[in-house]
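This report refers to the structure that appears directly beneath it.
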Amino acid sequence: MAVSERLRLPALDGATEWLNSGPLGRAELRGRPVLVNFWTLTCINWLRQEPYVRAWARAYRDDGLVVIGVHTPEFSFEHDIDGVRQAVGTRDIDYPVAVDNDYEVWNAFDNHYWPALYFVDADGVIRDEHFGERRYEKSERVIQRLLGVERDLVPVDGLGVEADADWDHLRTPETYLGYGQSEHFASPDAATYDAPGAYELPENLPADHWALAGEWTIGAEKIVLDRAGGTLAFRFLARDAHLVLSPGGREPIPFRLLLDGAPPGPSHGVDVDEDGNGLLREGRLYQLVRQRDTVRERTLKITFLEPGAEAYVFTFG
């Protein structure tokens, strides 16, 4: 692709479906500044960015800005259109969303990241781009320049999983559980791939490591609980701990969380009560822990009371 072509807004006709609008292309967007936001519903980085994108869409709509979300799935279950619709509703997204199940729009942009922002001027030229979180003030100033306006920045206060990370205390990295990208597995016996295996927790779990107890199948993308009562443990240092989970098409699966061997109390996340009880209903990111006092290294253990729970990746904030 020529440089001049890369700098222009690519076609969006590879989307498999549109939410909140009919299909949008260059003809419909001609003469309008556009902000394109690539996301996937389980991405904690996007969840923390989304309140800013949502606020910009509303604050600058009357100035001519068009915000387009492009949902390109990372995990298999994120291809489910009902799950995308639910995420759009839960996040109160009222701007157009292109469902990019075949990665056609992703590839047209030559994009490689969630989240990604592309800032397009009224002539269809991509004037700026940003990958990942933060840089919010600069991004909003770019929007204002594209629109030819200048005013105070929009106030944004993310709540729950949308709250900004506690970057000063975030030490544990994102950790995938499927063997395709997995690291730091600490159960005493070697992992068995693509077949059921019985596991035990180690006597001491090292920092930034995870382990299993019970009967699990470790696949390339995910781990799946084969028998009720299995436990997944992680030792981490961060304010927040999240886990991407899916019930795998089963009925809701109850689970119990312990933090350093006890109920989490005030350190529970939004998807767990003070006693550590939670319910896995649909495929999404679950916030298990939010430390509300001193942030310190902790060990979480999540036990699923029914089989079939699928776990994909731990993220922290």
Exercise. With every protein chain kept in the model, how would you rank Y193, Y103 by accessible area, 1.4 Å probe, largest at the top?
Worked result: Y193, Y103
For this session: Using 0.36 nm per residue of separation minus the Cα-Cα distance, give me the extension gain between D157 and L279 in nm, one decimal.
Result: 41.2 nm
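Per the 1.4 Å probe, what fraction of the accessible area of region 1-83, in percent, lies on carbon and sulfur atoms?
48
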Exercise. What is the distance, in nm, between label points placed 7 Å from the Cα along the Cα-to-Cβ direction at R227 and at L147?
Worked result: 5.9
Exercise. Quick one, which of (1) 30, 50, 19, 1; (2) 32, 52, 16, 0; (3) 33, 55, 12, 0 is the actual P(r) over Cα pairs in 20 Å bins from 0, in percent calculated for this model?
Worked result: (2)
Exercise. Can you give the helix-only mean residue ellipticity at 222 nm for the chain, where every DSSP H stretch with n ≥ 4 adds -39500 (n - 2.57) and the sum goes over all residues, rounded to the nearest 500 deg cm²/dmol?
Worked result: -4500 deg cm²/dmol
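How long is the gain from I81 to R26 if the chain were fully straight, where each residue apart is worth 0.36 nm and the alpha carbon distance is subtracted? It would help to have the intermediate numbers written out before the result.
Values: separation 55, 0.36 × 55 = 19.80 nm, distance 2.46 nm.
That works out to 17.3 nm of additional length.
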Seminar exercise, completed: Taking only the alpha carbons of region 139-276, the radius of gyration and the largest Cα-Cα distance, Dmax, both in angstrom, are 19.5, 62
Exercise. With every protein chain present, what accessible area does F316 have (1.4 Å probe, heavy atoms only), rounded to the nearest 10 Å²?
Worked result: 10
For this session: Taking the Cα centre of region 19-146 as origin, sum charge times position over the Cβ atoms of Lys and Arg (+1) and Asp and Glu (-1), and report the length of that vector in debye to the nearest 20.
Result: 500
Exercise. I223 accessible area, nearest 10 Å², 1.4 Å probe?
Worked result: 0
For this session: Pop out the carbon and sulfur fraction of the accessible area of region 213-274 as a percent, whole number, probe 1.4 Å.
Result: 50
Exercise. Got a number for the accessible area of S139? Probe 1.4 Å, square angstrom, nearest 10.
Worked result: 0
Exercise. Roughly how many percent of the accessible protein surface of region 125-177 is carbon and sulfur, given a 1.4 Å probe and a whole-percent answer?
Worked result: 45
For this session: If a/c stays under 1.5 just call it rounded; otherwise compare a/b with b/c (prolate if a/b is bigger, oblate if not). Do that for region 224-312, with a ≥ b ≥ c from the square roots of the Cα gyration tensor eigenvalues.
Result: prolate
Seminar exercise, completed: If one compares the long axis through the Cα atoms of helix 81-90 with the longest principal axis of the Cα atoms of the chain, the angle in degrees, nearest 10, works out at 80
Exercise. Solvent-accessible area per residue for region 165-242 at a 1.4 Å probe radius, Å²?
Worked result: 48
Exercise. What ranking of K138, K301 comes out by heavy-atom accessible area, probe 1.4 Å, highest first?
Worked result: K138, K301
Exercise. For region 44-117, with every protein chain kept in place, what is the accessible area per residue (1.4 Å probe, Å²)?
Worked result: 35
Problem set entry | Dipole of region 37-91, positive end: most advanced residue of W56, W39, Q86 [Cβ charges, Cα centre] | W56
For this session: Name the residue farthest towards the positive end of the dipole of the chain from the options L257, W106, G148, assuming +1 on Cβ of Lys and Arg, -1 on Cβ of Asp and Glu, about the Cα centre.
Result: G148
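Compute the relative contact order of the chain as a whole-number percentage, counting only Cα pairs closer than 8 Å that sit 6 or more residues apart in sequence.
It comes to 17 percent, rounded to a whole number.
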Seminar exercise, completed: Ranking H79, H112, H71 from most to least accessible area with a 1.4 Å probe gives H112, H79, H71
For this session: Would you please give the FRET efficiency between D62 and Y103, computed as 1/(1 + (r/R0)^6) with r the Cβ-Cβ distance and R0 = 30 Å, to the nearest 0.05?
Result: 0.35
Exercise. How far, in degrees from 0 to 90, does helix 44-59 lean away from the longest principal axis of the Cα atoms of the chain, to the nearest 10?
Worked result: 30
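The values are calculated or read from the model by the stated rules, or taken from the named source; none is laboratory data. These figures come from a predicted structure and were not determined experimentally. Every residue, glycine among them, receives a Cβ derived from its backbone with ideal geometry; neighbour counts consider all protein chains shown. In case anyone asks, the SASA skips ligands and DNA or RNA and just uses the protein heavy atoms, side chains included. Shrake-Rupley method; radii C 1.70, N 1.55, O 1.52, S 1.80 Å.
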